[in-house]
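Undergrad: Pasting a structure here, questions to come.
The values are calculated or read from the model by the stated rules, or taken from the named source; none is laboratory data. None of these values were measured; they are calculated from a predicted model. With ideal geometry, Cβ positions are generated from the backbone for all residues, glycine too; neighbour counts draw on all protein chains shown.
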């Protein structure tokens, strides 16, 4: 891996040293952890739940599969995966312990306790051996990673041959006028709701800005292909407000 010590990256619209970004992201999610699920419902009018169901539809979990859910936060995707699979095991990994703490409090966590692990860890340096998992998911998290290419390489490494990558992330609307209307909503309404509900305007301002800095659908598809995945493809959700990207380790 190349030396990244002197490189800069973006934290929303702010330019920061690459080494600082993870700590800043951790600060954001430490701040919003207690209200994270509520804010997801409010910001998306509940549509994020439909997107996650669409993710499961395409993923089609099978009985006995093992999942690594990176940036898994409060466990939404892991719970859905285990329910769909019927049996299996999910490891929820997140950089921010407070997010995992909130996840463990949820009713689903106690119901699925024997099938779940919760682990603090970095998407760019997963603490697992090669070929450890059948499925890798990351939902609304890869845009917060300092070097998404490294996270994708780690995903490829820990997946078994025949394993599946699935990424759910905010993306770009291919219709300029619709994108402009969405920008007006995002930049004016979401930070204000963050202030009102979570008492944290700045964190939600960052989250909105981070969406705009993330690559578009085709660019990100090429990044997945560059990490070694094959049969890569994507599907737009809600006109491209979000997108699902899929790849296979063959």
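Undergrad: Scan the range 172-184 for residues that are more than 21 Å from the chain's Cα centre (by Cα) and either in a loop (DSSP other than H, G, I, E, B) or closer than 25 Å to residue 138 by Cβ (or both) and report the count.
TA: Initially, the range 172-184 is screened for residues more than 21 Å from the chain's Cα centre (by Cα), giving 174-181, 184.
From what's left, either in a loop (DSSP other than H, G, I, E, B) or closer than 25 Å to residue 138 by Cβ (or both): 174-175, 179.
Counting residues in the range 172-184 that are more than 21 Å from the chain's Cα centre (by Cα) and either in a loop (DSSP other than H, G, I, E, B) or closer than 25 Å to residue 138 by Cβ (or both) gives 3.
Undergrad: Is it true that residue 205 is touching a residue at least 60 places away in the same chain (Cβ under 8 Å), surrounded by 15 or more Cβ atoms within 10 Å (Cβ to Cβ), in contact with a helix residue (DSSP H, G or I) (Cβ under 8 Å, 6 or more places away or on another chain) and part of a helix (DSSP H, G or I)? Can you show your working first?
TA: Numbers: touching a residue at least 60 places away in the same chain (Cβ under 8 Å): yes; surrounded by 15 or more Cβ atoms within 10 Å (Cβ to Cβ): yes; in contact with a helix residue (DSSP H, G or I) (Cβ under 8 Å, 6 or more places away or on another chain): yes; part of a helix (DSSP H, G or I): yes.
Yes: the conditions hold for residue 205.
Undergrad: Which residues, counting only those in the range 8-22, are within 19 Å of residue 95 (Cβ to Cβ) and at pLDDT 85 or above?
TA: 9, 17, 18, 19
Residues checked against (1) more than 26 Å from residue 41 (Cβ to Cβ); (2) surrounded by 24 or more Cβ atoms within 10 Å (Cβ to Cβ); (3) out of contact with any helix residue (DSSP H, G or I) (no Cβ under 8 Å at 6 or more places or on another chain):
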residue: 85; (1), (2), (3): no, no, yes
residue: 103; (1), (2), (3): no, yes, no
residue: 148; (1), (2), (3): yes, no, no
residue: 162; (1), (2), (3): yes, no, yes
residue: 172; (1), (2), (3): no, no, no
residue: 177; (1), (2), (3): yes, no, yes
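Undergrad: Tell me, which residue of the range 218-250 that is under 15 Å from the mean Cα position of the chain (by Cα) and part of a helix (DSSP H, G or I) is farthest from residue 34 (Cα to Cα)?
TA: 224
Undergrad: Continuing with this model, one more query. Any chance the range 236-250 includes a residue that's surrounded by fewer than 14 Cβ atoms within 10 Å (Cβ to Cβ), within 20 Å of residue 47 (Cα to Cα) and either in contact with a strand residue (DSSP E or B) (Cβ under 6 Å, 6 or more places away or on another chain) or in contact (Cβ under 8 Å) with a residue 12 or more places away in the chain (or both)?
TA: Checked against the condition, which is being surrounded by fewer than 14 Cβ atoms within 10 Å (Cβ to Cβ), within 20 Å of residue 47 (Cα to Cα) and either in contact with a strand residue (DSSP E or B) (Cβ under 6 Å, 6 or more places away or on another chain) or in contact (Cβ under 8 Å) with a residue 12 or more places away in the chain (or both), the range 236-250 yields at least one hit.
Undergrad: Give, as residue ranges, the strands (runs of 3 or more DSSP E) completely inside the range 20-124 that count at least 3 residues that are in contact with a strand residue (DSSP E or B) (Cβ under 8 Å, 6 or more places away or on another chain) and touching a residue at least 60 places away in the same chain (Cβ under 8 Å). Outline the logic, then answer.
TA: On the way: elements: 65-70, 88-94, 116-120.
Fully inside the range 20-124 and qualifying: 65-70.
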